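Okay, structure first, notes after.
Derivation of every value follows stated rules applied to the coordinates shown; laboratory data play no part. Just so you know, these numbers come straight off a predicted model, no measurement behind them. All Cβ positions, glycine included, derive from the backbone under ideal geometry; neighbour counts span all protein chains shown.
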Amino acid sequence: MVIWRISDGKAGHVNQLNSLVDALQQRQQVEEYILPTPKLRTMLLEVAKRRFTIGKDLPDPTLIACAGHSTHLAALWARAVRGGRVITVMKPTMPMQWFDLCIVPDHDGVRERPGVLVTRGSLNAMGRSSSRDANRALVLIGGPSRHYRWSDEKIMGQLKMIADRDPHLNWTLISSRRTPQSLISRLRECAVLPPGMRLHDERVNDSVFLELARVSRVWVTEDSMSMTYEAITAGGAVGLLEVPRRRNSRVTRGVDNLIAKGWVTAFKRWEFGELLTPAPLALDEARRCADWICERFLTDDLNSNNGKQSADQAVIN
């Protein structure tokens, strides 16, 4: 399987493509090539001259995987020039029927149909862990976004309540690139947290995945869908810290849906006695997508090649 990967370089998009390719590598021998996204003007010149220069020295692709709106034209034109199947991760701005497969998270509100595979949240590289330390716990902290405002006071209050209720646990706090410096400073300076709570400033290297693989419970600020689904995929019990919402949106509706279905526990419910429990079903969306691709695309390609070989043999005879 020859994979051309076209990405805009944004961390979230890169992570999703990484998880998909990693899952495919567990099923097939993969030869992967990472291509830069051409600027729009360059891409239009490529189309006008009917060529795809950046892939000229590469073997023809089996799959062209892309993520990010700026990558779509390049991926579609690469298919027109060199063949292969185009897979886009996340809902595209171009018509979905132009792509061979669109992998779209359920909170985007897209209906599943031929060529559209709806996943529970965004793809992630987290694997389900079977080895957990009952004395370890984790807090993943996001930050303000288009869908959420922020309140250091609200987060601090919830953290104090969690620490007071479970003082015997060894807690690790990991912030993200969106976490306000004001909160990080307060967590360092304030005595509200017990000695067992350790703060890591950012999601450095694989620290999140390493911690998720060994903790018994996880609290995630509800603004971060990606970290929430990583925590669910890891298989521990997940709670959501409340963050002030800007408005009712597809993301906030996705959060409410996770709570309603018992995949996570809202802080308010936990505060009034509801226990944190693991999700009702194991979650591994990257593997499910990889299985779908191998079963549908590769089987179709094999049948197509067999048909061509039969036709060639008939001509020879």
Averaging over every viewing direction, what projected area does the convex hull of the Cα atoms of the stretch 27-102 cover, in nm²?
5.2
Using the Karplus curve 6.51 cos²θ - 1.76 cosθ + 1.60 with θ = phi - 60°, what ³J(HN,Hα) values do you get for each residue of the stretch 119-133, in whole Hz, with x for Gly and Pro?
10, 7, x, 6, 5, 8, 8, 5, x, 6, 9, 10, 10, 10, 9
Taking a ≥ b ≥ c as the square roots of the eigenvalues of the Cα gyration tensor of the stretch 1-55, is the shape rounded (a/c under 1.5), prolate (a/b larger than b/c) or oblate?
oblate
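Report the calculated FRET efficiency for Arg177 and Met94 (r = Cβ-Cβ distance, R0 = 25 Å), to the nearest 0.05. Could you put the intermediate results ahead of the total?
Working: r = 28 Å, r/R0 = 1.14.
The computed FRET efficiency comes out at 0.30.
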With everything on Cα atoms, drop me the angle between helix 299-316 and the longest principal axis of the chain, reported from 0 to 90° to the nearest 10.
10
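Using the Cα centre of the stretch 133-271 as the reference point, and only Cβ charges (+1 on K/R, -1 on D/E), how large is the resulting charge dipole? Debye, rounded to the nearest 20. Before the final figure, lay out each step's value.
On the way: 22 positive and 16 negative charges, 109 e Å.
For this selection, approximately 520 debye.
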Around Pro278, what is the net charge, scoring Lys/Arg as +1 and Asp/Glu as -1 over all other residues with Cβ under 11 Å from its Cβ?
+3
What fraction of the Cα pairs in the chain, stated in percent, has a spacing above 23 angstrom?
61
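Could you put His168, His69 in order, starting from the residue whose Cβ has the fewest other Cβ atoms within 10 Å? Each step should come with its number before you reach the end.
Details: His168 9, His69 15.
In order of increasing Cβ crowding within 10 Å: His168, His69.
How would you rank Cys289, Cys294, Cys102, going from fewest to most other Cβ atoms within 10 Å of each one's own Cβ?
Details: Cys289 22, Cys294 15, Cys102 25.
Lowest to highest Cβ neighbour count: Cys294, Cys289, Cys102.
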Using only Cα atoms, find the angle between the long axis of helix 250-260 and the longest principal axis of the chain, and express it within 0 to 90 degrees, rounded to the nearest 10.
60
Can you put Arg120, Arg82 in order, fewest other beta carbons within 10 Å first?
Arg82, Arg120
So which trypsin sites (Lys or Arg not before Pro) in the stretch 1-31 end up in coil per DSSP with only 14 or fewer other C-beta atoms within 10 Å?
Lys10
Near Lys91, which aspartates and glutamates are there with a Cα under 18 Å away, not counting those fewer than 8 places off in the same chain?
Asp8, Asp100, Asp106, Asp108, Glu112, Glu285
Two-decimal Rg/Rh across the stretch 133-271, once Rg and the Kirkwood Rh are taken from alpha-carbon atoms:
0.92
Note to self, the chain gives a 222 nm [θ] from helices alone (DSSP H runs n ≥ 4, -39500 (n - 2.57) apiece, / all residues, nearest 500) of -11000 deg cm²/dmol
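List the chymotrypsin sites (Phe, Trp or Tyr not before Pro) within the stretch 233-295 that DSSP assigns to loop and that have no more than 12 neighbouring Cβ atoms inside 10 Å. Can you show the working numbers first?
Working: sites: Trp263, Phe267, Trp270, Phe272, Trp292; in loops: Trp263, Phe272.
Those that pass, being in a loop and sparsely packed, are Phe272.
With a sphere of radius 10 Å drawn around the Cβ of Arg287, what net charge do the other residues whose Cβ falls strictly inside it have (Lys, Arg +1; Asp, Glu -1)? The partial results should precede the final answer.
Working: positive: Arg27, Arg128, Arg288; negative: Asp22, Asp284, Glu285, Asp291.
Cβ neighbours under 10 Å give a net charge of -1.
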Rounded to the nearest 10 degrees, the helix 11-25 long axis (Cα) sits at an angle to the longest Cα principal axis of the chain of 60
